[in-house]
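Asker: My questions all concern the structure below.
We did not get these values from a lab; they are worked out from the coordinates using the rules stated. Since the structure is predicted, the reported quantities are computational estimates derived from the model, not experimental observations. Cβ placement follows ideal geometry from the backbone for every residue including glycine, while neighbour counts extend to all protein chains displayed.
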Amino acid sequence: MKRFIFSLTCLAVSFCFGVSSFGADEASDKDFMTPKKVKKPYQHLLVLGDDFHVSDGTNMQSPIFAYFWFGENFKNPDLYTQVTVTTTRIYAIAAYKTDRVYTGVKPLLEHSTFAGWRSYNRGYLDRGRSIKGNNVGASVFFQYNWLRILSTRIYLHPSYHFYRFPIISKNDSKIINIPNNHWQVKPGAELILSDLEQTDLNRVLHGYLFRVEYQYARKIGYGTWYDYDRMWFRERYDGVWLPGGYGPPYTLGTWYRSKIRDTHRLYFNTGGYYNFKGDYNILLDIYGGFFTGVDRNNAEQIGYSQADHAVMPGYFNTEFQSAFYLIARLQVGIPLPFWGTRIQPGFNVLYMPKTNDVIGIGRNNITNWWLKGGYPERFYKSVSCQLSIKLGNLLPLFVDYAYGIDAVRANASHEVYLKKYSRGSHEFKVMLVMGFVKNE
């Protein structure tokens, strides 16, 4: 409860900062009462790129592919459709969209990246404890825009989760067992208060943003899932436990038992942005999450520049999993007089409490003493810088670099055991953005 109160306090302070700085003085000439839908600038959008790391740890690569088709030019102007294909997700939207109401259905397939799909120990990827999950389902949603700056949304997303999929996620030869295939029913609600002006390919922001989202998830047929943390050597090979036989009585590591059925998630983020004369931009963002009823199979994936909610540049994808986190990001945007070039250096801080309620993370055996009750540090820091340029004054290119200052890295299990590790991790992200068929 203390952590929850602390997070709400941070939100209140940030929100007051945003309102006092970017309230009536900056937007007195705008109509706050009347919402108005806005068309996408292009009918087709394609993003190609890559995200990779350079460090002494297990450096994973994340290809970036995203294609968006926005259908808004129907005879009935209130009809809206969208098709999106990304590296790990495929979804479509068929909706009814007016100035005030946005409601529809969203079929969705997600593959490979969910569940405890990566398990890091000092930057070393333990493949025997890494499992991949997939889910397919559809959500129905209803959004109402009360004001131009205020909207609420409710949704219901039933889905089927499965953990064995040929080629993509076979999950063979693991030292932990795999959860049962199961159903999940996930209702949620979201509130957004935002007076935000975005210009220059959304690189320049001015205004404020406050968002909070609550999710409840009910698992059906999940079963009891055991997560195993071995001591320092492999104790199972092809389903056979060594030495001595089968089952937990004959192993030397630690077992974590989870039969979670109900999960509660609270996401929040707030931001204040100011654009000075000449498009010199200051950006302050705070993200947070608070969760109950989570194990390593469904915990929030914290780290790297492409994370869904917990973006922490400079660290590995899913390097951290915690029942509570806060991330603060301060960035400064600076224009350069060549092909619309901008640089945006930043400083990022991740906070997690010493204790950790994620089942399967609170390791306590002799070789993982550093994770006992949680991660060794409360604060993790990084520096980042984005270079963006319109090639030939036409094609947007984004190059991001980040350095994880407090990242601990080892590249083999024996180095983890012998405590031979280094510090620091470099993250690089390159994206090329292309838009086709401009909307009038």
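Asker: Name the long-range amide H neighbours of residue 79: under 5 Å, sequence gap of 5 or more, or other chain; modelled H, no Pro or chain starts.
Answerer: 97
Asker: Can you give me the distance in nm between label points at residue 86 and residue 418, each placed 7 Å from the Cα along the Cα-to-Cβ direction?
Answerer: Between residue 86 and residue 418, the simple spin-label model gives 4.1 nm.
Asker: What is the order of 416, 430, fewest Cβ neighbours within 10 Å to most?
Answerer: 430, 416
Asker: So for 260, 149, fewest C-beta neighbours within 10 Å to most, what's the order?
Answerer: Least crowded to most crowded, the residues run 260, 149.
Asker: Where does the charge balance sit around residue 259 when Lys and Arg score +1, Asp and Glu -1, over other residues with C-beta under 15 Å from its C-beta? Don't skip to the answer; put the middle values down first.
Answerer: Values: positive: 218, 219, 257, 261, 296; negative: 227, 262, 295.
So the environment of residue 259 carries a net charge of +2.
Asker: Could I ask something else about it? Starting from 0.36 nm per residue, how many nanometres of slack lie between residue 72 and residue 397 once their C-alpha separation is accounted for?
Answerer: Working: separation 325, 0.36 × 325 = 117.00 nm, distance 2.66 nm.
That works out to 114.3 nm of additional length.
Asker: Something else now. Hey, fewest Cβ within 10 Å first, where do 429, 438, 420, 106 land in order?
Answerer: 438, 420, 106, 429
Asker: Convert each backbone phi in region 193-198 into a coupling constant with the Karplus relation 6.51 cos²θ - 1.76 cosθ + 1.60 (shift: θ = phi - 60°), then list the ³J(HN,Hα) values in order as whole Hz, x for Gly and Pro.
Answerer: 10, 8, 10, 10, 9, 10
Asker: Over 29 Å between Cα atoms, which of 39/132; 174/419; 97/390 qualify?
Answerer: On the way: 39/132 37 Å; 174/419 24 Å; 97/390 32 Å.
Correct reply: 39/132; 97/390.
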